[in-house]
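Below is one structure, written out as structure tokens; comments come after it.
Values quoted throughout were computed directly from the atomic coordinates according to the rules given, and no laboratory measurement underlies them. Every value quoted in this text rests on a predicted model; they were computed, and no experiment measured them. Because the Cβ atoms are built from the backbone with ideal geometry, glycine has one as well, and the counts that use them run over all protein chains shown.
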Amino acid sequence: MAHWWNGYPWRVIQPNFREIDTKDFNEEAFLASLKDFSCNAVMLNAAGLIASYPTQLQDHTRSAYLDGFDLKRLVDRCHEQGVKVIARTDFSKIPVSVYERHPDWAYRKPDGEPLIYNGTVQTCLSGGYQGGYMDEILKEMFTAIPFDGIYCNMGTATGVIVDYSMNRHGPCQCEACRSAFKAKYGMDVPVELSRTDKASMVYFRFLQELAGAQKKRITALLREINPELAYCSVDYVRQESNSEFGRELPHWQYQASSNARAIRGMGQEADVADVDFMGFAYRHVAVNPALQELRLWQTLANFGGLDYYVMGRLYDKEDRSANPRVQKVFRYAAEHEDVCYGVRSKADTLLVREAYVIPNGEERGWIRVLTESHILFDETLCGGLAKIDLGKYKTIILPEKPRLAPPALERLMIWVQQGGTLLASGALPQLTCFGVKDGGRRSDQALGAMLRVDGAERPLFMVGKSYWERDYEEGVEKIGNLLMPERFGPPELCYPTEAPTDFPAATRMPCGEGFGVTIPWYPATNYYTDGFDNWLIFLQYVLTRLCPCRPVSEHLHPTVEVTHGRKEDFEVVHFVNGSGHFGNSFFDPALLTDQSITIPWEKGTACCENLDEPGNVRWALENQKLTITIPKLGAHACVVIKEEK
């Protein structure tokens with residue numbers, strides 16, 4: 001049965017109301033502002049920490065600023081405008097007054113004290129609030145107000161609580177958590193978490209079980225109340241493309257693209273939120289308008305749903321510098337809805353990520369390399385390997401993925417034996433297709449070591465700090481060899497004193513009809529953090545020489561992102577101009593000329609239309625290859641390709 005959210009052309013506005021924003025609320029101005037953004041969905045604060053409606057529940061704190069504000073009427077008015085309404089809730093915290101009546105609902109620090117922040121108390125998954133009282137709130141809210149769905153803020157179970165001052169707090173030490181963990185696993189809850197500690201690894205599993213049970217319970221509750229309530233993380237996935245003051249550099253310029261790909265790669269409806277503000281401490285100051293426009297074009301180009309997240313009321317928000325840019329992209333998506341939504345990617349390379357949160361350095365490096373090499377690719381999470389169709393992919397990339405579930409390992413082996421090329425960098429999963437005798441030993445003392453690769457565009461490549469020393473089976477093809485670290489200086493002494501080793505720069509092992517390829521070091525991480533093209537050139541060598549990856553262009557500017565998809569009787573190519581990213585800042589992109597790609601086109605004729613600027617496109621069809629050229633590329637171009645009738 002299809003639900004309203006299946007294939008919905010998401011254009012969401014998220015005005016995150018402060019509690020004072022319902023005071024002197026101008027309903028007409030707010031509804032008019034939604035029209036200005038061409039949105040078809042809005043998220044409104046509703047319940048949890050503060051109730052934005054006249055709740056009758058004793059432990060659900062009603063806002064003190066509801067005079068004249070009617071949430072139900074506002075939802076009804078939005079529906080009259082054809083706008084779906086998602087209830088924003090936050091069950092991660094309760095007011096101190098509620099905590100004092102129910103101290104067992106709170107998260108506990110190692111010293112047994114609750115975590116209190118600005119008069120709010122962190123709750124616990126095992127406690128009676130998230131374990132049951134939130135259900136009563138949901139029943140009351142959805143009975144009283146005809147919402148179309150729900151989003152639960154701070155609902156991810158990671159094991160680490162991060163407060164709004166960016167202080168990190170470890171596993172909950174409340175009695176309920178400690179008792180349940182001890183009873184099930186015979187261990188004490190760890191005070192700090194580590195990826196190498198057994199108790200920590202078991203605790204991660206425990207936490208996921210708690211979160212899974214809650215998700216299952218809430219899903220059943222919502223289905224009982226109304227089967228047409230969309231539940232975030234079950235029926236759709238919302239991910240933020242955001243900034244944070246003081247966050248470790250470099251900025252992640254492909255954040256929105258990667259978010260859209262990863263959600264879509266899990267078979268979910270993608271709601272990719274462009275966060276307007278600079279960070280927790282600066283929620284009222286907008287980031288560069290050019291960056292916000294780039295994020296939105298990236299989302300559309302990767303076939304995701306638009307979302308704009310702002311603080312306060314749209315109509316009187318003080319810093320509205322990004323509004324014209326956001327309205328432009330939202331309006332574009334509304335006008336070209338048939339082209340911007342429901343498109344399926346034609347990529348034949350798949351990158352596997354660990355989680356929806358911002359990708360780690362190795363994953364980001366690969367995303368940069370694939371994007372800037374113009375190799376079309378999709379993304380999925382580790383859990384997606386056991387359920388998505390792998391048959392469309394020729395290459396699958398595993399950046400630092402030593403731990404994969406048995407069903408995923410089994411599917412990958414079958415896929416390789418049937419002709420796929422599996423490429424892994426860094427630590428490896430236990431798969432025989434790589435021809436590795438054991439996991440090997442990672443040395444973090446490789447600074448100064450180089451790799452020599454004969455036949456590559458450059459002969460020498462920098463290793464960085466880490467390299468995996470491994471023994472390989474017979475039949476493994478070794479590419480290049482490791483040169484031991486040289487003395488750094490004085491300059492007169494910078495020459496090798498040891499013979500080259502037998503350790504490779506990369507390997508390839510035949511397996512059935514396919515191959516297993518390994519890179520026993522971290523060139524992608526190096527490229528992400530330091531950016532030298534030395535690593536980019538090496539990875540392009542691996543992708544095009546050892547794997548069946550083929551760029552759609554060798555002449556396109558590296559900062560232009562290209563995607564290619566298909567829908568029914570037409571195909572779509574997006575060009576996103578990222579040349580405005582310079583150093584740590586984002587500006588309007590430079591105008592680029594004669595940007596070309598070449599894609600397969602098996603039909604006898606072709607006709608191309610540039611939706612952004614009609615007439616600003618050239619094309620040529622020869623030997624079932626279609627070359628598309630954008631004479632003048634600004635921020636974005638979308639080309640629709642059809643067979644000429």
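Rounded to whole numbers, the Karplus 3J(HN,Hα) couplings from phi for the range 82-96 are x, 10, 5, 10, 9, 7, 8, 10, 8, 9, 7, 9, 9, x, 4 Hz, using 6.51 cos²θ - 1.76 cosθ + 1.60 with θ = phi - 60°, and x at Gly and Pro. May I ask what percent, to the nearest 5, of DSSP beta bridges between residues of the chain are antiparallel? Expressed as a percentage, antiparallel bridges in the chain total about 55.
The peptide list 200-213, 120-133, put in order of mean Cβ contacts within 10 Å with the highest first, becomes 120-133, 200-213.
Given (i) 30; (ii) 26; (iii) 21 as candidate values of percent of Cα pairs over 42 Å apart, which corresponds to the one derived from the coordinates? Read-out from the structure maps to (i).
The C-alpha atoms of the chain define a longest principal axis, and helix 289-301 lies at about 70 degrees to it. Among the trypsin sites (Lys or Arg not before Pro) in the range 339-433, those placed in a DSSP loop whose Cβ has at most 15 other Cβ atoms within 10 Å are Lys387, Lys392, Arg403.
The charge dipole of the range 292-420, taken about the Cα centre with unit charges on the Cβ atoms of Lys, Arg (+1) and Asp, Glu (-1), comes to about 80 debye, rounded to the nearest 20.
Taking all Cα-Cα distances within the range 244-374, those exceeding 26 Å account for 25%. Sequence-ordered 3J(HN,Hα) estimates for the range 621-638 from the Karplus curve with 6.51, -1.76 and 1.60 and θ = phi - 60° stand at 10, 8, 6, 6, 10, 9, 9, 10, 10, 9, x, 9, 9, x, 5, 7, 9, 10 Hz, glycine and proline given as x. Rounded to the nearest 20, the size of the Cβ-charge dipole of the range 65-109 about its Cα centre is 220 debye, with Lys and Arg at +1 and Asp and Glu at -1.
Distance from the Cα centroid of the range 298-343 to that of the range 514-529 is 36 Å (rounded to whole angstrom). For the chain, relative contact order (Cα pairs under 8 Å, six or more residues apart, normalised by length) works out to 10 percent. Beta bridges assigned by DSSP with both partners in the range 180-338 are antiparallel in approximately 15 percent of cases.
Here the alpha carbons of the range 560-642 define both size measures, Rg and Dmax, at 13.6, 46 Å. Taking all Cα pairs closer than 8 Å and separated by 6 or more residues, the relative contact order of the range 395-546 comes to 26 percent.
Among 264-276, 185-197, sorting by the average number of other beta carbon atoms lying within 10 angstrom of each residue, highest first, gives 264-276, 185-197. For the range 345-427, the list of GluC sites (Glu not before Pro) that fall in a loop by DSSP and count at most 14 other C-beta atoms within 10 angstrom is empty.
Listed here are the pairs Lys328/Lys642; Lys139/Lys198; Lys84/Lys394; Lys567/Lys632; Lys328/Lys603; Lys346/Lys387; which of them are more than 28 Å apart at the Cα? The answer is Lys139/Lys198; Lys84/Lys394; Lys328/Lys603. Converting phi to 3J(HN,Hα) with the Karplus coefficients 6.51, -1.76 and 1.60 and the offset θ = phi - 60°, the range 575-586 yields 10, 10, 8, x, 5, x, 7, 9, x, 9, 10, 10 Hz in sequence order, with x at every glycine or proline. Think of the chain as a dipole: +1 on every Lys or Arg Cβ, -1 on every Asp or Glu Cβ, centred on the Cα centre; then among Asn610, Ala449, Ala301, Ala449 lies furthest on the positive end. The eigenvalues of the Cα gyration tensor, multiplied by 5 and square-rooted, give the range 395-546 an equivalent ellipsoid with semi-axes of 28, 15, 14 Å from largest to smallest. For the chain, the 222 nm mean residue ellipticity estimated from helices alone, with every DSSP H stretch of n ≥ 4 adding -39500 (n - 2.57) and the total spread over all residues, rounds to -7500 deg cm²/dmol.
Charged side chains reduced to their Cβ positions (Lys and Arg at +1, Asp and Glu at -1) give the chain a dipole of some 820 debye around its Cα centre.
Cα centroids of the range 121-196 and the range 596-615: how far apart, whole angstrom? Taking the Cα centre of the range 596-615 as reference, the centre of the range 121-196 is 51 Å away. Against the chain, whose longest principal axis comes from its Cα atoms, helix 175-185 is set at around 40 degrees. Here is the list for the range 417-516: trypsin sites (Lys or Arg not before Pro) lying in DSSP coil, each with at most 16 other C-beta atoms within 10 angstrom of its C-beta, are Lys437, Lys465, Arg487.
How far is helix 134-144 tilted, in degrees, relative to the longest principal axis of the Cα atoms in the chain, given as a value from 0 to 90 rounded to the nearest 10? Rounded to the nearest ten degrees, it is 70.
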